[in-house]
Amino acid sequence: MASELALFVLWEESRFVEERILADLRRETSVRYVKELRFEGDPALAFRRFYGPRLPDAKRKLRNCGGGAFLLVIVEDTAPDYRTIDAGGRLPTYCNVRLHALKKRYHRWAGGEHRIHGTMEPGEFARDVLMLTGHTEAEWLAGVPEGTVAPRLPEGWSAVSETAPFAARTLEPGLAPVLEDRRLFLKNKYINDT
């Protein structure tokens, strides 16, 4: 299997073990990029935007992880190993088990499951790297892009169509235009049709 990129985020409250984690990542992967970043504005709101509906309580996340400077580490896994595992969710997860094992190890070292974020498959990496750096997976595959800036998570997505320019950079060609439809489909009916 071809190599792939992944990222790890060491939220503020996990940074006391960052040197240990970085040393381990250098042994286990090829580290491509390390940068300290900080969310602009309200960190709880930034967490909510970053994790979306997967995050039930952004204020709890903020208390557990901290809202200050965090470390972004982009790595290349030269030997990804995909399998279906029980990753602690309701359903089995098909993911890169090497990255999953690293993420779990770092959770233990940091003293909390939520203090480290890690991607376990290319789609998750593509979404997260764009949100955190403003550059696409393709740009990262070509090397470290120029002009990587502090994360600016899209604000106030009140309509699905507002995500179209963002999603167009991450989705397969031809899928992004679907997001132009502003209607919300619920219970076999578009609820905002008159």
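The values are calculated or read from the model by the stated rules, or taken from the named source; none is laboratory data. As the structure is a computational prediction, the values presented were derived from the model and not from experiment. Cβ coordinates were reconstructed from backbone atoms using ideal geometry, including for glycine residues, and neighbour counts include every protein chain displayed. Remember, those area values only see protein heavy atoms, side chains included, never the ligands or the DNA or RNA. Shrake-Rupley method; radii C 1.70, N 1.55, O 1.52, S 1.80 Å.
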Show me the ranking of peptides 4-10, 72-78 by mean Cβ neighbours inside 10 Å, starting with the highest.
4-10, 72-78
Keeping all protein chains in the complex and leaving out DNA, RNA and ligands, what accessible area do you get for Thr136 with a 1.4 Å probe, in Å² to the nearest 10?
20 Å²
Between Tyr33 and residues 5 or more places away or on another chain, the pairs with built amide H atoms under 5 Å apart involve Ile74
Other-chain or far-sequence residues with amide H under 5 Å of Tyr94's (modelled H)
Ile85
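Once you order the gyration tensor axes a ≥ b ≥ c over the Cα atoms, which shape class does segment 9-136 get: rounded for a/c under 1.5, otherwise prolate or oblate by comparing a/b with b/c?
Details: a/c = 1.41, a/b = 1.21, b/c = 1.16.
Here segment 9-136 falls in the rounded category.
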Grab every C-alpha pair in segment 1-64, bin the distances at 5 angstrom width from 0 up to the longest one, and report whole percents.
3, 14, 21, 20, 16, 17, 8, 2, 0
